[in-house]
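Notes for the one structure printed next.
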Amino acid sequence: MIVIFAIDALEYNLVEEFNCKNLKQKYYGKTDISEFSQPRTMVLWSSFMTGKNKEDDVLEDGNKEMWNKKWDIKETFFSFFENPVVLDLPGFSYDLGFHGKSRILLKNFFETKNLEKKENLKKEYNKDAFDHHRKIKDKFFKALGEDRDFVLGYFSVADVIGHLNFGNKVIMKMIYIELDEMAEKIKKNKRVKSLIILSDHGMKAIGRFGDHSEYGFWSTNFKDLKTPKITEFYELIRGIKNES
Ligand SMILES: [Zn+2]
């Protein structure tokens, strides 16, 4: 089974700082996303799954509409597989309800001047993120126990929580430890042959908040990829699929 543990906004520097050995696997590094004008989540995951720079296509209807974009499986490397599972990935199987609510809460948080309201919005925002994380995590580990040739789980908690809490090292460390423990559990699963851990972009501090940084994180248990472009995974996965 080929597995992709897709983590939004997993930051290379924090993986190093918290020494997340399981996330680092045998080989790890940064991705090169310099071909894109900005590190946009929807653009990056779309380009990843199709193997093509999809920036213009994703942005053609404007920033607001981009989240509704959905790629046909035939355009993606998921079509190489017989019984793939792809959980919650932007542009493919994304939960628009949950992620839409998150974005509205975030917007309201920054717009409201009332401190008590701000605090309540942040609590609701953080709680929703963790609840959603647990839901996808359950589905992911269930799929890893099934007879599948490909499983991808997409986890947004580091991004969602990071935007409002990046300056809070206690919260960020807790998330990185959770993700590292998930990586450990994936690796212990005997069905998992090739594991790729990938983020679309990282995160940098803007005061006590977080914004996207201009490179992503990758790791594998089988090959040193150096500084790959996010569009290069399409052919890489075709290659390891054909070897298996
Ligand atoms: Zn992202």
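The values are calculated or read from the model by the stated rules, or taken from the named source; none is laboratory data. Model, not experiment: these values are computed from the prediction. Neighbour counts are summed over all protein chains in view; Cβ atoms, including those assigned to glycine, are modelled from backbone coordinates with ideal geometry.
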Next on the checklist: Being more than 16 Å from the ligand (Cβ to nearest atom), at positive phi and surrounded by fewer than 19 Cβ atoms within 10 Å (Cβ to Cβ): is that true of Gly62 here?
Outcome noted: yes
Next on the checklist: Condition (residue is modelled with pLDDT of 95 or more, within 16 Å of the ligand (Cβ to nearest atom) and buried (at least 18 other Cβ atoms within 10 Å of the Cβ)) applied to the range 143-151: is it met by at least one residue?
Outcome noted: no
Next on the checklist: Quick check on my filter: what residues within the range 72-104 are at pLDDT below 95, surrounded by 14 or more Cβ atoms within 10 Å (Cβ to Cβ) and either of a type in the set (A, V, I, L, M) or touching a strand residue (DSSP E or B) at 6+ places or on another chain (Cβ under 9 Å) (or both)?
Outcome noted: Tyr94
Checklist entry - Is it true that some residue in the range 177-198 is closer than 16 Å to Val15 by Cβ, touching a residue at least 12 places away in the same chain (Cβ under 8 Å), touching a His at 6+ places or on another chain (Cβ under 7 Å) and within 16 Å of the ligand (Cβ to nearest atom)? => result no
Next on the checklist: Going by what's in this entry, would Leu23 be described as buried (at least 17 other Cβ atoms within 10 Å of the Cβ), within 23 Å of His212 (Cβ to Cβ), away from the ligand (no atom under 16 Å from the Cβ) and of a type outside the set (Gly, Ala, Ser)?
Outcome noted: yes
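Against the definition (away from the ligand (no atom under 16 Å from the Cβ), in a helix (DSSP H, G or I) and small (Gly, Ala, Ser)), how does Ser79 come out, yes or no? I'd like the intermediate steps shown before the answer.
Values: away from the ligand (no atom under 16 Å from the Cβ): yes; in a helix (DSSP H, G or I): yes; small (Gly, Ala, Ser): yes.
When the stated conditions are applied, Ser79 passes them.
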